[in-house]
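The values are calculated or read from the model by the stated rules, or taken from the named source; none is laboratory data. The shown structure was predicted, so the numbers you read here are calculated from the model rather than taken from an experiment. Don't worry about glycine lacking a Cβ; one is built from the backbone with ideal geometry, like all the others, and counts go over all protein chains shown.
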Amino acid sequence: MIPIDLDDSIRSRILPVRLVIFDVDGVLTDGRIIYHDDGSEIKAFDVQDGHGIKMLQRAGIEVAFITGRFCRAVDHRARGLGVTRVYQGIKVKMEAYEKIRRETGLEDEQICFMGDDLIDIPVMRRVGFAVAVPNAVVHVLPYAHYVTRAPGGHGACREVCELILAVQGLWDHVTRRYFEDFRS
């Protein structure tokens, strides 16, 4: 689960994380936008990413979404996952980030942000743990403390969720119920 080459500096960035903020397009999705004839759009979300988010929440780590686009599918996905901090149509993500910080009282070091494009760089520069997907634009990569092995929309979110849970020693707590012997 934890990459073998994960060094102590990355572990030290993960330990204080209490909130994970995900970009949507290119991170929670593969970045493609599919339009219907009526102009509405659809997005495909990875179910395993969703379970990773639920495990974070079960461990007491809050989750938020900040995205530059607006799509009702994002609201539906967030509601289904119990994510209440959802900011859509945000052109300056730092403004939403600062609002979240004020509301939660968290410090930069306690926040992880996962992004993939230029609009994400200002927030990535501020947070304690910045993550990019491997299909991020090249300009984002220097600002990432960690780059996932899985691409956006295909398990990258789950990878980060499991990484945080493992490093913080919460993995066994949130997964115990799956491995218990229920035979009587």
Given Val133, Val123, which one is touching a Pro at 6+ places or on another chain (Cβ under 8 Å), surrounded by 19 or more Cβ atoms within 10 Å (Cβ to Cβ) and of a type in the set (A, V, I, L, M, F, W, C)? Val133
Out of all the residues in segment 37-56, is one or more buried (at least 18 other Cβ atoms within 10 Å of the Cβ), more than 16 Å from Ala156 (Cβ to Cβ) and in contact with a helix residue (DSSP H, G or I) (Cβ under 7 Å, 6 or more places away or on another chain)? no
Just for strands (runs of 3 or more DSSP E) wholly inside segment 60-153: which have at least 2 residues that are modelled with pLDDT under 95 and among the basic types (Lys, Arg)? none
Could you check how many residues of segment 116-138 are in contact (Cβ under 8 Å) with a residue 60 or more places away in the chain, farther than 13 Å from Arg13 by Cβ, touching a helix residue (DSSP H, G or I) at 6+ places or on another chain (Cβ under 6 Å) and of a type outside the set (Val, Ile, Thr)? 0
Asp23: surrounded by 20 or more Cβ atoms within 10 Å (Cβ to Cβ), among the charged types (D, E, K, R), touching a helix residue (DSSP H, G or I) at 6+ places or on another chain (Cβ under 8 Å) and within 17 Å of Gly82 (Cβ to Cβ), yes or no? no
Answer with yes or no whether Leu56 is of a type in the set (A, V, I, L, M), under 19 Å from Cys161 (Cα atoms), touching a strand residue (DSSP E or B) at 6+ places or on another chain (Cβ under 8 Å) and in contact (Cβ under 8 Å) with a residue 40 or more places away in the chain. yes
I'd like the full set of residues that are part of a loop (DSSP other than H, G, I, E, B), closer than 25 Å to Val167 by Cβ and either among the β-branched types (Val, Ile, Thr) or free of Cβ contacts under 8 Å to residues at least 24 places away in the same chain (or both), limited to segment 11-37. Val17, Val24, Val27
Could you go through segment 101-110 and let me know if any residue there is in contact with a strand residue (DSSP E or B) (Cβ under 8 Å, 6 or more places away or on another chain) and under 20 Å from Ile10 (Cα atoms). yes
